[in-house]
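Novice: Attaching a single structure in structure tokens format; questions to follow.
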Amino acid sequence: MSEVIIKTENLGYTYVDSLDDDIVKVDQSPALRGVSLEIKRGEYVAVLGHNGSGKSTFAKLINMILTPTVGKIYIDGVDITGDDFTEEDVFDIRRKVGMVFQNPDNQLVATVVEEDVAFGPENLGLPREEIRQRVDSALSTVGMTEYIKHAPHKLSGGQKQRVAIAGIIAMKPEIIIFDESTAMLDPQGRAEVVEIMERLNKEEGITVLNITHYMDEAARADRVVVINDGELIIDSTAREVFKNVELLHSVGLEATQGAELIAALSGCGADISGESLTLDETVETIANYILRKK
Ligand code: ADP
Ligand code: MG
């Protein structure tokens, strides 16, 4: 077991053909370039970047859906970009690195919840007893046990996404990449999925990469990386990243609401400073400012 669970060196990818019917004209400039990054086992990392910046491409490279044009990727110390990497090894990496996508409808394959969750473990060729145990445990982890016999298509968006996550957990992955997995959910569904993400990280020790547009989600991660036009431009703690509101704006992103508010007040000439990562901190910073003024 390697302490660094994901390592990339000068990673780059250029789409030559469109793999997606929706993309007619292929932009031949690199979608990702020179990304060197190390992620430790058990880290909770948020990945930010405006649309088209290369976040999904990065995720698909880590999961071996795509093969790098240049550069190296090591998963748990194993070079997955080496020439001696076999089909069998690819299967192993896909089991180790789970992916949860944006649209839950595209991830559910069966007509009954338990069959859907069992799909992955069945493909691993596990004994029936083991599959049963994994399905029950995964559904319990995502709080969907009572829906075990339900039809996935009748569930809410948040519930569907939780079933999709259960299907991933049942594979016992070491890393889970959430690629905008909360983007299509209502606020309650989103909160449920974020709560599961955090529990999987804190309690099960799973390394979590959360690709998101929601800054309140990113603010909860241990670490925030920002990809801009295919390049890794920021890699720091959430606290540090959200302090730099101007830099975030310059790459088409916003900071947290708290940080935006403090920056706006400061922009209006208020001599205000202090922490603003959480709501409580923002309130305290503003209260201190007001009390000082009196
Ligand atoms: P993000 O996930 O940050 O929105 P992507 O990784 O999806 O960004 O896209 C990065 C770049 O690669 C964009 O310019 C996009 O148009 C291009 N791209 C993404 N998917 C494909 C594809 N299947 N075929 C061709 N080009 C693609
Ligand atoms: Mg994307």
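All of the numbers you see were taken from the coordinates with simple rules; none came from a lab. None of the values given here were measured: they were computed from a predicted structure. Don't worry about glycine lacking a Cβ; one is built from the backbone with ideal geometry, like all the others, and counts go over all protein chains shown.
Novice: Quick one: putting +1 on the C-beta of Lys and Arg, -1 on the C-beta of Asp and Glu, what dipole do you get for the range 1-90 around its Cα centre, in Debye to the nearest 20? Please report the intermediate quantities before stating the final value.
Specialist: On the way: 8 positive and 16 negative charges, 105 e Å.
Once rounded to the nearest 20, the dipole reads 500 debye.
Novice: For the chain, set up a GNM with springs between Cα atoms under 10 Å and report which of N103, N210, N63 has the largest fluctuation.
Specialist: Of the options given, N103 has the highest mean-square fluctuation.
Novice: What is the helix-to-structure angle for 113-123, meaning the angle in degrees between its Cα long axis and the longest Cα principal axis of the chain, kept from 0 to 90 and rounded to the nearest 10?
Specialist: Approximately 70 degrees, to the nearest 10.
Novice: At a threshold of 8 angstrom on Cα-Cα distance, excluding pairs fewer than six apart, so keeping six or more, what relative contact order does the chain reach in percent? Walk me through the numbers before you get to the answer.
Specialist: Values: 533 pairs, mean separation 60.8, N = 294.
21 percent.
Novice: Once a ≥ b ≥ c are taken as the square roots of the eigenvalues of the Cα gyration tensor of the range 115-188, is the result rounded (a/c under 1.5), prolate (a/b larger than b/c) or oblate (a/b not larger than b/c)? Could the numbers behind the result be given before it?
Specialist: Numbers: a/c = 2.24, a/b = 1.45, b/c = 1.55.
Oblate, since a/c reaches 1.5 and b/c is not below a/b.
Novice: What residues qualify as long-range amide H neighbours of G34, i.e. H under 5 Å apart, gap of 5 or more or another chain, H built at 1.01 Å from N?
Specialist: L11, G12
Novice: Pick out which of E87, E38, E114 has the largest mean-square fluctuation in a Gaussian network model of the chain, springs linking Cα atoms closer than 10 Å.
Specialist: Highest fluctuation among the options: E87.
Novice: Give the value in nm², to one decimal: projected area of the alpha carbon convex hull of the chain, averaged over all directions. Walk me through the numbers on the way to the answer.
Specialist: Working: hull surface 70.4 nm².
Mean projected area for the chain: 17.6 nm², to one decimal.
Novice: Charges at C-beta only: +1 for Lys and Arg, -1 for Asp and Glu. How large is the resulting dipole of the chain about its Cα centre, in Debye rounded to 20? Walk me through the numbers before you get to the answer.
Specialist: Numbers: 29 positive and 50 negative charges, 126 e Å.
The dipole magnitude comes to about 600 debye.
Novice: When a/c reaches 1.5 or more, the comparison of a/b and b/c decides; with that in mind, is the range 152-215 rounded, prolate or oblate per its Cα gyration tensor? Working shown, then result.
Specialist: On the way: a/c = 1.90, a/b = 1.26, b/c = 1.51.
Because a/c hits 1.5 or more and a/b fails to exceed b/c, the range 152-215 counts as oblate.
Novice: Same structure again: In degrees between 0 and 90, to the nearest 10, how far off the longest principal axis of the chain does helix 187-204 point, with axes built from Cα atoms?
Specialist: Helix 187-204 sits roughly 70 degrees off the main axis of the chain.
Novice: Can you bin the range 254-294 into rounded, prolate or oblate? Criterion: square roots of the alpha carbon gyration tensor eigenvalues sorted a ≥ b ≥ c, rounded for a/c under 1.5, prolate for a/b above b/c, oblate for the rest.
Specialist: Values: a/c = 2.92, a/b = 1.27, b/c = 2.29.
Here the range 254-294 falls in the oblate category.
Novice: Per 0.36 nm of contour for each residue apart, how much would the distance between N51 and S137 grow if the chain were fully extended, relative to their Cα-Cα spacing?
Specialist: On the way: separation 86, 0.36 × 86 = 30.96 nm, distance 3.57 nm.
Contour length minus Cα-Cα distance gives 27.4 nm.
Novice: Could you give the length gained by full extension between L261 and E284, i.e. 0.36 nm per residue of separation minus their alpha carbon distance, to one decimal place? Before the final figure, lay out each step's value.
Specialist: Working: separation 23, 0.36 × 23 = 8.28 nm, distance 1.28 nm.
Answer, rounded to one decimal: 7.0 nm.
Novice: Before anything else, pin down the relative contact order of the range 10-110: Cα pairs under 8 Å, at least 6 apart, normalised by residue count, whole percent. Kindly include the intermediate steps, with their values, before the conclusion.
Specialist: Values: 94 pairs, mean separation 25.6, N = 101.
For the range 10-110, the relative contact order is 25 percent.
Novice: Given the DSSP H assignment, sum -39500 (n - 2.57) over each helix run of at least 4 residues in the chain and divide by its residue total; what's the result at 222 nm in deg cm²/dmol, nearest 500? Please list the in-between numbers first.
Specialist: Numbers: 11 runs with 116 residues, N = 294.
It lands at -12000 deg cm²/dmol.
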